[in-house]
2 protein chains.
Amino acid sequence: MSAQFDTTADTVFSEEEVLRRIEQAVLDHRLAPGTKLKEVQLAELFGVKRGLIRKVLTRLAHSSLVLQTPNRGATVARPSVKEGQDLFATRRVIESAILETLIAKINDLDLEQLGKMLQREQQAYLSGDSAQALSLSVDFHRELARMAGNGVLETYLNDIIRRTPLVILAHLGDEAENRCRNHEHEAIVDAIRRRDVKAAITVMNHHLLQIESKIQHKSERSHTDLASLLRPESILHSE
Amino acid sequence: MSAQFDTTADTVFSEEEVLRRIEQAVLDHRLAPGTKLKEVQLAELFGVKRGLIRKVLTRLAHSSLVLQTPNRGATVARPSVKEGQDLFATRRVIESAILETLIAKINDLDLEQLGKMLQREQQAYLSGDSAQALSLSVDFHRELARMAGNGVLETYLNDIIRRTPLVILAHLGDEAENRCRNHEHEAIVDAIRRRDVKAAITVMNHHLLQIESKIQHKSERSHTDLASLLRPESILHSE
DNA sequence: GATAATAAAATTGTTAACAATCCATATCCA
DNA sequence: TGGATATGGATTGTTAACAATTTTATTATC
């Protein structure tokens, strides 16, 4: 398992660092849904006490990336198709509200900032650095939320963003190219620039529905595979 | 402080029970915003170990009812006016989405259930049991969320509902009658019955804006009181 | 008397040892 | 053999003692 985290035995990590690394391992699919997360194992791996791992696992459980069961420890969450659908449906609602709030108050400085972010995204994409491009495309959504200035909406969007990769990976595997399309981000900024709430929301929803539809499609296919329905523990998922 | 919780020394409490009681004390205004929550004190009070109190405080912090500061313990949260506004604005968004989702799928059985809830609310109100009436009026909102069937939306609404009393109390004190008006709940159910999404949302927003406007009004008054602006620790708030 | 430095007390944070629970394997009995 | 029942090891959960930090009280100095 140590291969999953890229640690050396004698380094020590802070709580935040441990959290970040486990989260990243989950989201990068290096830890499959259902994988058992043993406390001592992780503690030794990161060179920290078990108590710290305990805290981290509880925090991860709270953001729905990990499932904690009393007396039976923690496993990587295994979100259902339904949960994925609910998550995306809610995301459309939240992102729409963010756009509406943002457009009511945006200034030229903010618009300039968004323009810069689009450029950086484009640059990363063109230079073939797809990991960086993905990261920047997520940042774009986060930045809209920040600029909108509603802390509660921002928290909820961040929660959803944190959970999204696991939902996608759990149901699409590595098949899908799930990166946001850059030209759609541009279209959103265009609409914001024109203060056109309706257009912005339309583009955003289209944008989000693209990914969503892939999951939907995949889950329909899965349902025709009767064997996998009867045997919930797929061999793909280490237990 | 023991008077705040209504405990006797020799009873023991489960984690859930301790959580519920502290939460209730905060929401009932028996513990003012800013009040220090000392671990040993609470542990002795409930007859539990300090570790359990620790867990509970962390959970309360996560739902924004308690503020935890490293090495300095926990205090009852002191939500800002801004946070209250953001919370209400988000609530309108979430409740609207719930109504839209619900109307698309509601059946006669659900409608019957809602009708029964309205009756019970009305009954409690008429019989003068205002605590019960308040509780049932909150249940009404929760029930709409449950029936809508989107788990993520439901979670977010419950989060907001949990935080709302503290926001109201922190800025309105005990001045306000904040109970939902029963006839507005009836109007919402009417609109749902007619599958009229727009009307339902309009009534709901009106409903929520009523409470919100009271906070707004109060906070404007506060701002004219310069002394309280300069001295953030009001004498009303125990520290 | 106000301010700064110091010491003591109170409070939070951590940990290692212990307890309780779960899980896989072995054992027993029909 | 099949299936229930013990058994031991692994794992999670709890706690009491200790450590670190903050807060309060005391003293010293101007």
Against the definition (outside any helix (DSSP H, G or I) and more than 11 Å from chain B (Cβ to nearest Cβ)), how does A:GLY115 come out, yes or no? no
Pairs with Cβ under 9 Å, 6+ apart, first in region A:62-82 and more than 19 Å from A:ALA43 (Cβ to Cβ), second in a loop (DSSP other than H, G, I, E, B) and open to solvent by 30 Å² or more (accessible area, probe 1.4 Å): A:LEU67/A:ARG78; A:ALA77/A:SER64; A:ARG78/A:HIS237; A:PRO79/A:SER64
If the Cβ limit is 7 Å and pairs must be 6+ apart or interchain, which residue in region B:26-40 that is more than 14 Å from chain A (Cβ to nearest Cβ) pairs with which residue that is more than 14 Å from DNA strand C (Cβ to nearest atom) and among the charged types (D, E, K, R)? B:HIS29/B:ASP174; B:PRO33/B:ARG78; B:GLY34/B:ARG78
Residue within region A:95-118 that is surrounded by 23 or more Cβ atoms within 10 Å (Cβ to Cβ), farther than 26 Å from B:ILE98 by Cβ and at pLDDT below 95 present: no
Checking B:ASP129 against (1) under 26 Å from B:THR202 (Cβ atoms); (2) open to solvent by 60 Å² or more (accessible area, probe 1.4 Å); (3) among the acidic types (Asp, Glu), which single condition isn't satisfied? (1)
Failed item, numbered, when A:SER14 is tested on (1) within 14 Å of chain B (Cβ to nearest Cβ); (2) away from DNA strand C (no atom under 12 Å from the Cβ); (3) at pLDDT below 95: (2)
Can you report the number of residues in region B:64-83 which are at the interface with another protein chain (Cβ under 10 Å from one of its Cβ atoms) and either under 14 Å from the mean Cα position of the chain (by Cα) or within 16 Å of DNA strand C (Cβ to nearest atom) (or both)? 2
Is at least one residue of region B:55-62 open to solvent by 10 Å² or more (accessible area, probe 1.4 Å), modelled with pLDDT of 95 or more, closer than 17 Å to B:GLU15 by Cβ and more than 12 Å from DNA strand C (Cβ to nearest atom)? yes
Mind checking whether some residue in region A:144-166 is more than 11 Å from chain B (Cβ to nearest Cβ) and farther than 29 Å from B:PRO79 by Cβ? yes
Take B:ALA61 and decide whether it is closer than 30 Å to A:GLY51 by Cβ, touching a strand residue (DSSP E or B) at 6+ places or on another chain (Cβ under 9 Å) and within 14 Å of another protein chain (Cβ to nearest Cβ). yes
Look through A:HIS185, A:HIS141, A:HIS171 and report the one residue that is touching a residue at least 12 places away in the same chain (Cβ under 8 Å), over 14 Å from the mean Cα position of the chain (by Cα) and crowded, with 19+ Cβ neighbours inside 10 Å. A:HIS185
Which residues, counting only those in region A:16-48, are within 10 Å of DNA strand D (Cβ to nearest atom) and either farther than 23 Å from A:ARG163 by Cβ or outside any strand (DSSP E or B) (or both)? A:LYS38, A:GLU39, A:VAL40, A:GLN41, A:LEU42, A:ALA43
Test each condition in (1) farther than 24 Å from B:ASN158 by Cβ; (2) open to solvent by less than 20 Å² (accessible area, probe 1.4 Å) for B:LEU37 and report the one that comes out false. (1)
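The values are calculated or read from the model by the stated rules, or taken from the named source; none is laboratory data. Being a predicted model, the structure only gives us computed values, none of them experimental. Positions of Cβ are generated from backbone atoms using ideal geometry, with glycine treated the same way; all protein chains shown enter the neighbour counts. Quick note on the areas: whole protein, heavy atoms, side chains included, nothing else; ligands and nucleic acids left out. Shrake-Rupley method; radii C 1.70, N 1.55, O 1.52, S 1.80 Å.
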